1. Taking region 145-175, which residues are closer than 19 Å to residue 8 by Cβ and out of contact with any strand residue (DSSP E or B) (no Cβ under 6 Å at 6 or more places or on another chain)?
2. Yes or no: residue 33 surrounded by fewer than 17 Cβ atoms within 10 Å (Cβ to Cβ) and closer than 24 Å to residue 100 by Cα?
3. Which of (1) at pLDDT below 90; (2) under 18 Å from the mean Cα position of the chain (by Cα); (3) surrounded by 13 or more Cβ atoms within 10 Å (Cβ to Cβ); (4) in a helix (DSSP H, G or I) is the odd one out, the single condition residue 27 does not satisfy?
4. Hey, among 137, 109, 147, 120, which residue is buried (at least 17 other Cβ atoms within 10 Å of the Cβ), in a loop (DSSP other than H, G, I, E, B) and touching a helix residue (DSSP H, G or I) at 6+ places or on another chain (Cβ under 9 Å)?
5. Can you say whether residue 41 is farther than 24 Å from residue 14 by Cβ and modelled with pLDDT of 95 or more, as far as the supplied structure shows?
6. Could you please give the count of residues in region 168-194 that are over 10 Å from residue 124 (Cα atoms), surrounded by 16 or more Cβ atoms within 10 Å (Cβ to Cβ) and over 20 Å from the mean Cα position of the chain (by Cα)?
7. If residue 159 satisfies every condition in (1) crowded, with 19+ Cβ neighbours inside 10 Å; (2) out of contact with any helix residue (DSSP H, G or I) (no Cβ under 6 Å at 6 or more places or on another chain) but one, which is the exception?
8. In this structure, does residue 154 turn out to be surrounded by 21 or more Cβ atoms within 10 Å (Cβ to Cβ) and either under 17 Å from the mean Cα position of the chain (by Cα) or modelled with pLDDT of 95 or more (or both)?
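The values are calculated or read from the model by the stated rules, or taken from the named source; none is laboratory data. The shown structure was predicted, so the numbers you read here are calculated from the model rather than taken from an experiment. All Cβ positions, even for glycine, are placed from backbone atoms using ideal geometry, and neighbour counts span all protein chains on display.
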């Protein structure tokens, strides 16, 4: 493993992410939104996450900027990054397959929205967030730069901690006791742990 290959793996992770999401985004647009928590706060959180998981690391992968924050490349660390990137893409794929037309990039409830509790959602309420955390960890392992490597953990962390409570409230408002019962038997991100 070399630094160039590690950067290429990160770029493949970002491209793979988009390739998996694109058909679901197109299909979801055809289903009307009946309730939404979109607004300036939501847009700001999405932009912060995009900057940390996409913009900064892609600039680094393409240009090496900011070079002042580089640390020595460790091939074994990058191999772990590859394994985590594969896990992130697999989890991301599983969440989209389970959600179908219920998927949305924002906090939206769509027409005929159903509470999904099967597949990857059987034991984790927010497996898409799990996938994003895995992406952020993969990024940190693949890119030996204190800014670009850790930007995903910071950017997505801000989105997650400021958004997950609002998302759960939206689900409670929509599905009531069914969602409350689902919360009681599942964890947020890691089965049986958290």
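1. Let us first name the residues in region 145-175 that are closer than 19 Å to residue 8 by Cβ, namely 145, 148-149, 151-152.
Residues satisfying the conditions are 148, 149, 151, 152.
2. Working: surrounded by fewer than 17 Cβ atoms within 10 Å (Cβ to Cβ): yes; closer than 24 Å to residue 100 by Cα: yes.
It is true that residue 33 is surrounded by fewer than 17 Cβ atoms within 10 Å (Cβ to Cβ) and closer than 24 Å to residue 100 by Cα.
3. Unmet condition: (2).
4. Numbers: 137 fails: in a loop (DSSP other than H, G, I, E, B); 109 fails: in a loop (DSSP other than H, G, I, E, B); 120 fails: in a loop (DSSP other than H, G, I, E, B).
On inspection, the qualifying residue turns out to be 147.
5. Details: farther than 24 Å from residue 14 by Cβ: yes; modelled with pLDDT of 95 or more: no.
The answer is no for residue 41.
6. Total meeting the criteria: 2.
7. Just one mismatch for residue 159, condition (2).
8. Numbers: surrounded by 21 or more Cβ atoms within 10 Å (Cβ to Cβ): no; either under 17 Å from the mean Cα position of the chain (by Cα) or modelled with pLDDT of 95 or more (or both): yes.
So residue 154 fails the test.
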